[in-house]
Amino acid sequence: MKSLALSLAFTFCVASPAVLAQATSSEDGASLEHRVHVQFSVMPATWTVAQQVMDTIWQPLGLRGVNHYAYGKAVPPHTYAARSDPQSELYQAWFGVYTVVGDSAFRLASGKNYAIRSVMKLAEYDQRSWLGAMGDPHPLAKADTTVDMQKIMIDGVERTVCLFHMQTHSDLSPGGTPLAHYIGMPGATARLNLPSYHDLSLHGYYAFWYDQKRNATIIVYAASSAFLPSTVLPRGRHSPVLDDNGVALDKQFHEMMRGVHIGDSSPGK
C-alpha cells in the first residue's frame, strides 16, 4: 500500500469552522435517506448491499444518518456470508458510505485534527456496536494513532483517504443473536478452530467531506482484516503466518471507492 506516512499531528480539516458552524440541522436519518442517494457503480458480484437508518444506534453520539454498506455474500452451497467465512478472502471485510445529517460527524473531537479524530471515534463506536449486536460480551475497537494518507478521485473530486489500523475482535460466533443469524455463521469445521470473537486487526480506509449543497457529511469507508490462524504448527515453525486479506482487497477497495457517487434521490423515492 503506497502512501505517505503521517501522524495525527498533520493538520487536516474538511472545511473551515465557519462553514461547519452553519451546518446544524434537526433533520433525521429517515428524511436524509429519502433525499440523498448513494450509488455504488463498482460493486463486485461477490458482495451484497444493504442500508440502515442509524439514528437509534448513533443516539449516544448525537448523530443522525444512514449506513449504506456491503459485505461478502453467501457462496452456494454455503448459507452463511463470505464475511463470516475464515476461508474466504472477504472474511471480516466490508465497504460502505455513511451519510450523516449536517456536520455533526466532525463534532466528536476537538483540536486541529478534529475531523480525523472524529471519524476514528465514529469507526470505533460503530465497530463496538456491531460486535455487541453480534453477541460479543466484551466488544473491543481501538484505532492506532498513526494515519497514512493517499489522494483518490471520488465522484469527480480529489479526496484524501485516511488509512489506519484498528485492534478489535472478529464477529465470528455461534450465531445466537438476530444479526448473527441474519448474516449467517459457519459450522465448527468451517471455522478452522477459531474461537468466537477472536482477536483481529482491521485495515481501515476512510475518505470524508462535508457536502454543503446537501447539508450532509459523506464518509466512504472500507475494511480488510488480519488474524492469527488457530492451527497446529509444523515442526520447526515457531510462529503462525498472519492470515491477511489486505493486499488482495486493496486494489478492489480503491476501485469501489472511486465508483461511489452521491446524488439527489428522485421524487417519490
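The values are calculated or read from the model by the stated rules, or taken from the named source; none is laboratory data. Only a predicted model underlies this, so the values are computations on that prediction, with no experimental measurement involved. Please note: Cβ atoms are built from the backbone with ideal geometry, for glycine as well, and neighbour counts cover all protein chains shown. Areas reflect the complete protein model, heavy atoms only, side chains present, ligands, DNA and RNA absent. Shrake-Rupley method; radii C 1.70, N 1.55, O 1.52, S 1.80 Å.
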A207 fails exactly one of the following numbered conditions: (1) in a strand (DSSP E or B); (2) in contact (Cβ under 8 Å) with a residue 60 or more places away in the chain; (3) small (G, A, S). What is the number of that condition? (2)
Single match in T189, T145 (criterion: open to solvent by 60 Å² or more (accessible area, probe 1.4 Å), within 27 Å of I116 (Cα to Cα) and either at pLDDT below 95 or in contact with a Gly (Cβ under 7 Å, 6 or more places away or on another chain) (or both)): T145
Report yes if G132 is in contact with a Gly (Cβ under 8 Å, 6 or more places away or on another chain) and either at pLDDT 95 or above or under 24 Å from D244 (Cα atoms) (or both), otherwise no. no
Residue check for A5: part of a strand (DSSP E or B), modelled with pLDDT under 95 and either surrounded by 14 or more Cβ atoms within 10 Å (Cβ to Cβ) or touching a Ser or Thr at 6+ places or on another chain (Cβ under 9 Å) (or both): yes
Among the residues of region 214-246, what is the count of those that are modelled with pLDDT of 95 or more and open to solvent by 20 Å² or more (accessible area, probe 1.4 Å)? 2
Please report, ordered by residue number, the strands (runs of 3 or more DSSP E) entirely within region 106-183 with at least 2 residues that are without any contact (Cβ under 8 Å) to a residue 40 or more places away in the chain. 141-143, 157-169
Condition met for S118 (among the hydroxyl-bearing types (S, T, Y) and modelled with pLDDT of 95 or more): yes
Scan S196, S170, S201, S224 and give me the residue that is out of contact with any Cys (no Cβ under 6 Å at 6 or more places or on another chain), over 30 Å from G259 (Cα atoms) and not aromatic (F, W, Y). S196
So F253, is it surrounded by 19 or more Cβ atoms within 10 Å (Cβ to Cβ), part of a helix (DSSP H, G or I) and modelled with pLDDT of 95 or more: yes
Have a look at D199, D136, D126 and point out the one that is surrounded by fewer than 15 Cβ atoms within 10 Å (Cβ to Cβ) and within 20 Å of A93 (Cβ to Cβ). D199
